[in-house]
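Presented below is the structure to which this report refers.
What follows draws every value from the coordinates through simple rules; no lab data is involved. What you see is a predicted model, and the numbers here were worked out from it, not measured in a lab. Here Cβ is always computed from backbone atoms with ideal geometry, including for glycine, and neighbour counts include all displayed protein chains.
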Amino acid sequence: MDPADALRPAVSGIAKEEVPRCPACESSERHHLFDVVEHEYDTTTTDVFPLMVCDACGAQYLSPRPAVSALDVIYPPNYFLHVLESRAGDDVDLARRSAFAFFQDKLFKLRIRPIERQMALGPDRTWLDIGCGTGAVLQSMFQAYGMRGTGLDFSEQAVAVCRRRGFEAYRARFEDFEPAAGEQYDLLHSSHVIEHVESPLEYMKKSFALLKPGGLKVFITPNTAAWEARRLREHWGGLHVPRHWTMLDPRSARSLGERVGFEYVDTSFSTNGVFLGWSLHSWLQARHGRRIANRVFPSDHELIESSFGNLARNGLLTILDLVNLLVTRQSANMLMMFRKPLA
């Protein structure tokens, strides 16, 4: 059965856990920014979540946040990535043909440029894609540079597609992943993973340990310093409530990397029309209700449907975000790059 058909009503009072210290720097000094609620799916929870700001590093985080035991609630059957992976099954061609994969491939070509400037990419490089999904970035890196990377994802279906594509892939959370004894990588890459994990600090410590000296750690994550984050506040799509647990800006992200021993290399920005669409959905829903918001800016699994309307809408949102990037020199999508010292 298509996960999109397995709908369920939202619930209240899900299991939560307090977060007394900043997940990025462990400071206990903080203040309350505003409350946030789920708006993308009506199949998760109606609970309200306080968004806190760390007074030491500036990271934003939910406290209390959903407990790990509530992951099946906040990632519902019709979560857009679950639907994409389920429909692909182990069909590699279907995974490649989706409109979502098309846009991701185009974005890859823009996001890879900062890495090219810092590292010679080629078949001799070893790399790990954390949160690899169905292997779009693994495929793009192999086609462009001959680099056959290793994928890591918690979805069994996604890992199956990666393996069918010919890549080594493991079903595991990065926190639980144990490579072969002594194995290290030239490059660790993740796109929109660090904001989902329990401890970004532990995530970066493990990244440091798995890199070869001189290796690069690259992660893409929402940027809380973007104008839409500051202006739209609780309606900002990058919050992805309640699935994004820790949110960073360039300053807090740099502090996080340097705290575990990395050398800061670069910050760059790219477009993300999905965040802008989610922002507009939240704003419309607050004023005109979910039915109208869903029709104008689909926020759940319908945003990945390969329809003309979606292609046109996502294309327009991407163009608008590109204009924003050119004007403000920032976007809601930032790429952070760090290097492990040679000695």
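Restricting attention to the chain, lysine pairs at least eight places apart or on different chains and with alpha-carbon atoms under 19 angstrom apart total 7. Taking the chain, the Cys residues with no second Cys beta-carbon under 4.7 angstrom are C132, C162.
The string of couplings for segment 236-250 from the Karplus curve (6.51, -1.76, 1.60, θ = phi - 60°) is 5, x, x, 5, 6, 5, x, 8, 8, 9, 9, 10, 10, 10, x Hz, one whole number per residue in order, with x for Gly and Pro. Scoring 268-278, 143-153 by mean Cβ neighbours within 10 Å over their residues and listing the highest first yields 268-278, 143-153.
Each of I14, I194, I115 was scored by other Cβ atoms within 10 Å of its Cβ. Listed from fewest to most, they are I14, I115, I194.
Starting from the Cα-Cα distance between R329 and R231, subtract it from 0.36 nm times their residue separation and give me the gain in nm to one decimal. Computed gain between R329 and R231 is 33.7 nm.
Taking packing as the residue-averaged number of other Cβ atoms within 10 angstrom, the listed peptides 195-204, 32-41 run from highest to lowest as 195-204, 32-41. Placing +1 on each Lys and Arg Cβ and -1 on each Asp and Glu Cβ, with no other charges, gives the chain a dipole about its Cα centre of roughly 980 debye. Taking springs between alpha-carbon atoms closer than 10 angstrom, which of T43, T126, T328 fluctuates most in the Gaussian network model of the chain? Highest fluctuation of the listed residues: T328.
Sort 173-181, 283-291 for me by packing, meaning the mean count of neighbouring Cβ atoms within 10 Å per residue, highest on top. Walk me through the intermediate numbers first.
Working: 173-181: 11.6, 283-291: 14.0.
Most protected by this proxy first, the peptides run 283-291, 173-181.
Of the residues I292, S191, S140, the one whose Cα sits farthest towards the positive end of the charge dipole of the chain is S140 (charges of +1 on Lys and Arg Cβ, -1 on Asp and Glu Cβ, taken about the Cα centre).
Would you work out if the chain is rounded, prolate or oblate? Take a ≥ b ≥ c from the square roots of the eigenvalues of the alpha-carbon gyration tensor; rounded if a/c is under 1.5, else prolate when a/b is larger than b/c, oblate otherwise. If you can, show how the numbers build up before the last one.
Working: a/c = 1.42, a/b = 1.15, b/c = 1.23.
Here the chain falls in the rounded category.
Between E202 and L316, what length comes free when the chain is fully extended (0.36 nm per residue of separation minus the Cα-Cα distance, one decimal in nm)? Intermediate results must be reported in sequence, preceding the final value.
Numbers: separation 114, 0.36 × 114 = 41.04 nm, distance 3.79 nm.
Contour length minus the Cα-Cα distance gives 37.3 nm.
The stretch between L342 and H31 holds 108.1 nm of extra length on full extension. This uses 0.36 nm per residue minus the Cα-Cα distance. Classify segment 181-226 as rounded, prolate or oblate from the Cα gyration tensor: take a ≥ b ≥ c as the square roots of its eigenvalues, call it rounded if a/c is under 1.5, otherwise prolate when a/b beats b/c and oblate if not. Judged from the Cα gyration tensor, segment 181-226 comes out prolate (a/c at least 1.5, a/b above b/c).
With contacts taken as Cα pairs under 8 Å at a separation of at least 6 residues, segment 91-339 carries a relative contact order of 19 percent.
Each residue, T126 and E258, gets one label point 7 Å from its Cα in the Cβ direction; the gap between the two is 3.0 nm. Across segment 139-161, the residues whose backbone nitrogen lies under 15 Å from the label position 7 Å along the beta-carbon direction of K212 are 147-150.
Residues of segment 190-221 with an amide N closer than 13 Å to a point placed 7 Å from the Cα of D176 along the Cα-to-Cβ direction: none.
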